[in-house]
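Worksheet for the structure shown next.
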Amino acid sequence: MNMKQKTKSKKGSNLVDDCISRLTKLSASLPDKRKGSNIQYQMGDIVKAAFSVFFTQSPSFLARQKALKKSKGQSNAETIFQMEKIPSAEHIRQMLDPVSPEYFYDEFHTILRQVEEEGKLEAYRVLGGQHALVSLDGTQYFTSYEIECENCLHRKRKNGKTQNYHTAILPVMVAPDNPHVLTLPPEFIMPQDGHVKQDCERVASKRWVEQHAVHYASLNAILMGDDLYANQPLCQVILDHDLHFLFVAKPESHQTLYQAIDACAADSSFTIRQWNGKHGELHTYRFINQLPLRSGEDALRVNWFELHITHAETSETLYHNAWVTDLAISQDMVVELVACGLARWKVENENNNVLKTKGYHLEHNFGHGNQYLALTLTTFNLLAFLLHTVSHLTDQTYRLIREELGRRDTFFNDLRALTRYLVFDSWDHLLEFMFIQLEIEPAPD
């Protein structure tokens with residue numbers, strides 16, 4: 001097998017190199033509690049060392065690179081991750097504990113802009129290419145009765161003990177029929193200064209909008225979420241920041257809305273018959289514009305729509321859900337709006353589930369600390385996931401390797417083995433090596 005089998009696209013791996021370079025520059029602005037000039041490890045090496053563990057999904061990566069450096073005089077920590085020295089895991093934890101994850105949020109936006117510049121965001125455009133979808137969802141990623149930090153949440157369990165835990169809003173950009181989600185900056189649910197009540201998903205979502213909306217207004221982004229999000233304060237904040245919303249709305253939590261629906265004589269509905277491979281289904285779409293989201297004269301007016309799927313022969317209900325949005329609804333667009341609403345589940349299936357069970361070990365305690373360590377390490381994990389996804393979208397070599405290996409954990413197992421025994425000049429070099437050894441046929445021009 002010769003080098004002619006290399007593919008041409010290297011944009012994805014350049015994104016990886018660019019990200020590592022930006023982390024180096026960013027590290028100069030991070031809080032550093034050390035004093036004087038006798039500093040063995042620079043903050044840049046500390047940040048890149050932590051990130052390398054998540055990018056390779058190898059908890060022992062740094063120890064293996066120290067051994068490789070000793071035996072071969074060089075390591076992948078230096079060549080791929082641009083480190084000068086390799087700090088210990090304990091030193092990394094100590095130095096990153098005071099560093100808020102917010103320092104790294106702009107990196108998510110920068111990567112997304114690069115993806116947009118390469119034309120890869122077109123696959124995430126919906127509703128005639130006019131909008132992008134951002135799905136919001138909260139997930140728990142840590143629990144313990146013994147370990148805690150100042151940013152832990154707390155709850156009493158039935159056994160009488162207090163459980164410490166962490167949850168976060170993990171927004172992702174999604175699109176119907178697109179298997180890849182683009183991870184966006186998280187918003188951690190944690191104690192807030194000056195607040196007596198414990199933080200919650202609703203309040204955290206408002207903070208996310210206020211901090212990040214400026215980056216997604218140009219995409220005409222539509223924020224999606226479950227019934228918890230369909231409340232006027234959050235919807236109003238979204239509109240005030242030039243974004244849109246599309247939230248699930250259930251009758252039991254939106255009584256005023258559904259009373260208005262029942263009283264409305266001007267609804268629009270139509271039915272489409274479809275075959276699911278076993279039997280016929282009737283997909284009935286219904287929508288009404290300009291309904292009150294809640295009671296009161298100041299109630300926000302929203303537009304409501306639903307999908308009701310029944311068995312064509314038995315009339316049994318197979319699926320039923322409804323949503324509210326600020327977008328005006330017409331018969332021409334309601335089918336695609338429903339498809340957008342259904343794509344919300346990708347935040348669970350293609351994001352949270354992948355992070356927890358498909359190789360990223362989101363729920364593993366990589367280090368907790370007393371301040372921000374658990375949050376910052378989680379942010380690195382999310383950033384690594386985003387870079388792998390973007391590499392799949394933009395780098396043909398990476399994509400063909402992943403498709404050849406199939407399972408995500410197989411790819412990480414190979415990555416761990418290769419970087420343990422061999423030194424590669426760069427991330428490009430490593431991918432080229434894998435491509436050739438797997439004897440992958442290059443994609444046609």
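Couple of notes before you dig in:
- With respect to the conditions (1) surrounded by fewer than 19 Cβ atoms within 10 Å (Cβ to Cβ); (2) in contact with a Gly (Cβ under 7 Å, 6 or more places away or on another chain), Leu373 lacks only one, and its number is (1).
- Residue match in segment 394-408 (condition: among the hydrophobic types (A, V, I, L, M, F, W, C) and under 30 Å from Asp97 (Cβ atoms)): no
- The set of residues in segment 137-147 being in a loop (DSSP other than H, G, I, E, B) and either at pLDDT 95 or above or surrounded by fewer than 19 Cβ atoms within 10 Å (Cβ to Cβ) (or both) consists of Tyr145, Glu146, Ile147.
- Test: Leu234 is outside any helix (DSSP H, G or I), open to solvent by less than 30 Å² (accessible area, probe 1.4 Å) and at pLDDT 95 or above: no
- Residue, nearest to Ala67 (Cα to Cα), within segment 391-423, restricted to residues that are small (Gly, Ala, Ser) and surrounded by fewer than 18 Cβ atoms within 10 Å (Cβ to Cβ): Ala417
To keep it simple, each residue is scored yes or no on (1) of a type in the set (Lys, Arg); (2) out of contact with any strand residue (DSSP E or B) (no Cβ under 8 Å at 6 or more places or on another chain); (3) open to solvent by 40 Å² or more (accessible area, probe 1.4 Å).
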position: Ala299; (1), (2), (3): no, no, no
position: Trp304; (1), (2), (3): no, no, no
position: Glu313; (1), (2), (3): no, no, yes
position: Glu336; (1), (2), (3): no, no, yes
position: Thr357; (1), (2), (3): no, yes, yes
position: Tyr360; (1), (2), (3): no, yes, no
position: His364; (1), (2), (3): no, yes, yes
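- Residue match in segment 47-65 (condition: within 22 Å of the chain's Cα centre (by Cα) and charged (D, E, K, R)): yes
- Residue check, Gly367 without any contact (Cβ under 8 Å) to a residue 60 or more places away in the chain and over 12 Å from the mean Cα position of the chain (by Cα): no
- Scanning segment 242-257 for residues that are open to solvent by 50 Å² or more (accessible area, probe 1.4 Å) and either farther than 13 Å from Asp326 by Cα or within 18 Å of the chain's Cα centre (by Cα) (or both) gives Lys250, Pro251, Glu252, Ser253, Gln255.
- Residues of segment 40-55 satisfying the condition of being surrounded by fewer than 24 Cβ atoms within 10 Å (Cβ to Cβ) and of a type in the set (Gly, Ala, Ser): Gly44
- Selected residue [within 17 Å of Leu375 (Cα to Cα), out of contact with any helix residue (DSSP H, G or I) (no Cβ under 6 Å at 6 or more places or on another chain) and assigned to a helix (DSSP H, G or I)] from Ala204, Ala168: Ala204
- Count of segment 210-227 residues which are in contact (Cβ under 8 Å) with a residue 40 or more places away in the chain and assigned to a helix (DSSP H, G or I): 4
- Test: residue in segment 87-109 that is out of contact with any strand residue (DSSP E or B) (no Cβ under 6 Å at 6 or more places or on another chain) and under 14 Å from Leu219 (Cα atoms): yes
- Considering segment 366-445, the qualifying helices (runs of 4 or more DSSP H), each wholly inside and each with 2 or more residues that are of a type in the set (Ser, Thr, Tyr) and out of contact with any strand residue (DSSP E or B) (no Cβ under 8 Å at 6 or more places or on another chain), run over 373-394, 396-405, 408-421.
- Filtered residue count, segment 350-365, keeping only those that are over 20 Å from Asn178 (Cα atoms), in contact with a helix residue (DSSP H, G or I) (Cβ under 7 Å, 6 or more places away or on another chain) and in a helix (DSSP H, G or I): 0
- Some residue of segment 106-117 being open to solvent by less than 70 Å² (accessible area, probe 1.4 Å) and part of a loop (DSSP other than H, G, I, E, B): no
- Annotation for segment 118-126: at least one member residue is outside any helix (DSSP H, G or I), modelled with pLDDT under 95 and open to solvent by 20 Å² or more (accessible area, probe 1.4 Å).
- Filter result (in contact (Cβ under 8 Å) with a residue 60 or more places away in the chain and either surrounded by fewer than 23 Cβ atoms within 10 Å (Cβ to Cβ) or not in a helix (DSSP H, G or I) (or both)) within segment 62-91: Arg64, Leu68, Lys72, Gln74, Ser75, Thr79, Ile80, Phe81, Gln82, Ala89
- Residues that are among the charged types (D, E, K, R) and part of a strand (DSSP E or B) were ranked within segment 262-282; the one that is farthest from Thr317 (Cα to Cα) is Arg273.
- Count of segment 424-445 residues which are buried (at least 17 other Cβ atoms within 10 Å of the Cβ) and not β-branched (Val, Ile, Thr): 8
The values are calculated or read from the model by the stated rules, or taken from the named source; none is laboratory data. Everything numeric in this text was worked out from a predicted model, so none of it was measured. Every residue, glycine among them, receives a Cβ derived from its backbone with ideal geometry; neighbour counts consider all protein chains shown. Side chains included, ligands, DNA and RNA excluded: accessible areas come from the protein's heavy atoms. Shrake-Rupley method; radii C 1.70, N 1.55, O 1.52, S 1.80 Å.
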